[in-house]
Structures are given as structure tokens and as C-alpha cells.
Amino acid sequence: MRVGWRGYIPAITTPFDVDGQLDLPGLGTLLEWLHAEGMHGLVVAGTTGEWTSLAPQERKALITAVGKQMKGKISLIAGCTAFTAQEVVDFAETAHACGYEGVLVTPPPYIRPSADEIVSFYQTVSDGSALPICVYNWPPGTGVDMDFDLLRRLANIENVVAIKQSTGDLRRFVQTYFGLCEQIRVFGHSMDDGGLALLRGGGGDGTMGAGGVLGRTQPDFYNHVWAGDFEAARACGRQDRVIMDAWYTSELVGRFGSGPAILKAALNIQGLPGGYVRRPLLDVRQADLERIRETLASLGRA
């Protein structure tokens, strides 16, 4: 209960201009749109925000710009994933100073640390920062799929208050939710009939991801659930399911480009400042732009 995070909290894109520079005016416009569309919070500088291509000072500048504009208006969670706990704490200090409510952190990517090493990593982050931590299980990006026993150990760390369980295995998500929901918040509910049944039967905290590209439709899924209007929630969830099935694999990896490239293209098509991706990522090809446009048109958004 240290945090009030719940509902639809998109991991937002980071706009870059044609030269690959941070587009802070575009970012400001995107933030105002997301806020006006009723998002329940924002994750900044996460996987979708292309943290991997941001220099440390750029990531701090991004965190600072969002905090300056949105502090006090909406819950802010900073993506602080890094290769060492000391780097994570450094980013967390910037987020804390800028009014963020917490940090989102995966295990160190690439090196595939052991369970004991992962626990030590998060313990060091917890000891070094006052901000609440959302543990992010992201197997496609880290090479590590944290099992339930490990997640339970992490849930016992003082500042860990939530888990973003981005597994494509429904059984793993259900195990995580029912095993830990009385101790911490668990994010990762699918916005479909299965997710709705779980929310109705067992409750739930919410979903983080997908950039908020459908605007109000995505937070309204949860707004309708909370109001008890499950048919309206189902209608919103069907729209979210369309883009998830059309644009992503079951492992939550983009079908025809990176996740950031697909979501930025979707924003651009709707006249919003998605901007460009930064190398080594590539923008979506023209033929695939038409696929994205067709998907959005089928939902009345293009």
C-alpha cells in the first residue's frame, strides 16, 4: 500500500527527431495527450522508451523533463534498468528529485545473473534508493525468466512494492498474481476475456505497456471494470487485443519491427509525435506502415 499504482500505465515512447536527437517539444505534446486521454500513470525510459540508446545524461534529461511537466498530475515511474546497481541508484536519485513515485528495473541484461546475484542486485538498489521498486521480469530483453521462487524472494526486499510480469505464459502470470498479490502489486493482466475473468474473480492491479497508442480506450478498460460495466470493459479490451495480436508475437516481441518502431509509427499515423527510433533500431518499412494503418483504421483511429 506504499503506492497507489493501478490500472493502465503505458510504457511511453521517447520521441527522437530525424537526426536522432531528443525531441523535447514533441515529448511535451505527447505527455499532454496521454494525460488528457486519462492514463493512470506513465512509465518513462523503459524498453518502449528506448533506454538502451540513451546516454546517461540523456536519460536523466528525459526523466527531468517529464517530471517537470507532469509531477503532481499523474503517477510517474522511471525506467532505471542498467548493468550495475550503482547505475540504477544514480538514475533513481534523479527520478526521486523530480517527483517520481517509483522505479522500474529489470535484472542486469545480457550477463544472465544467477538467482542469488539477482537478489543481491535488487537488495543493493533498495538499500541505495528511497523510491519504491517495481521488479520487471522481461525475458526477451534480459535472457532471464525469473521463476516464482525468485520473485517471492524479491518481494521480501523492503522497497520492492510491485512486479511487472511480462511473461507470455498465462500459468506463470496466474501463479505470480495469486502467490504474491497480498504482498505486492502485480502488473501484467491481459486486456481480453481471460484477463477480465481473472480481474472479476480474483482482482488485480493493472497493465503496464503498449505506449497508450489507443488513447482513452486502454485506461477505460479498467475504468469500466472498476465501475462494474464488464461489457464496456470487454469492448475496450477487444480493441487492445487487436493491436497486440496484429503487431506482437505471443512473447511480446514486435512482428515486423521493434516494439518502439511499431508504436511510434502508430502514433505518427494518428498525427501524434511518435517521431523516429534511434539506431540501431530501424523505423518500420513502408509496407508495414500500411499494415499498422489498416489495423488502426479497423479500430476507427486512422
Among Leu198, Leu170, Ala246, flag the residue with its Cα farthest along the positive direction of the charge dipole of the stretch 149-248, charges on Cβ as +1 for Lys/Arg and -1 for Asp/Glu. Leu170
Using +1 on the beta carbon of Lys and Arg, -1 on that of Asp and Glu, and nothing else charged, what's the dipole of the stretch 61-161 about the Cα centre, debye to 20? 440
Of Gly67, Leu34, Thr52, farthest towards positive along the dipole that unit charges on Lys, Arg, Asp, Glu beta carbons give the stretch 32-88: Gly67
Near the amide H of Gly7, under 5 Å away, which other amide H atoms are found, from residues 5 or more places off or on another chain, if H is placed in the peptide plane? Gly206, Thr207
Only helical DSSP H runs with n ≥ 4 go in: add -39500 (n - 2.57) per run for the chain, normalise by residue count and round the 222 nm mean residue ellipticity to 500 deg cm²/dmol. -14500 deg cm²/dmol
With every protein chain in place, the chain: carbon and sulfur % of accessible area (1.4 Å): 50
Per-residue HN-Hα couplings for the stretch 125-133 [Karplus 6.51, -1.76, 1.60; θ = phi - 60°; Hz; x = Gly/Pro]: 5, 4, 5, x, 9, 7, 6, x, 10
Check: C-alpha center the stretch 60-83 vs C-alpha center the stretch 210-250, spacing in Å is 25
Candidates Gly211, Gly141, Gly275, ranked by Gaussian network fluctuation over the chain, Cα under 10 Å, top entry: Gly141
Gaussian network model of the chain, Cα springs within a sub-10 Å range: biggest mean-square fluctuation belongs to which of Leu263, Leu281, Leu62? Leu281
How big is the dipole moment of the stretch 28-78 about its Cα centre under a simple scheme where the beta carbon of each Lys and Arg is +1, that of each Asp and Glu is -1, and everything else is neutral? Debye, nearest 20, please. 240
Residues meeting the amide H criterion for Val160 (H placed from the backbone, H to H distance under 5 Å, 5 or more places apart or on another chain) are Ile133
Size of charge dipole - the chain - debye, nearest 20, with Cβ of Lys, Arg +1 and Asp, Glu -1, no other charges: 340
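The values are calculated or read from the model by the stated rules, or taken from the named source; none is laboratory data. This is a predicted model, so every value here is computed, not measured. So basically every Cβ, Gly included, is an ideal-geometry build from the backbone, and we count neighbours across all protein chains shown. Remember, those area values only see protein heavy atoms, side chains included, never the ligands or the DNA or RNA. Shrake-Rupley method; radii C 1.70, N 1.55, O 1.52, S 1.80 Å.
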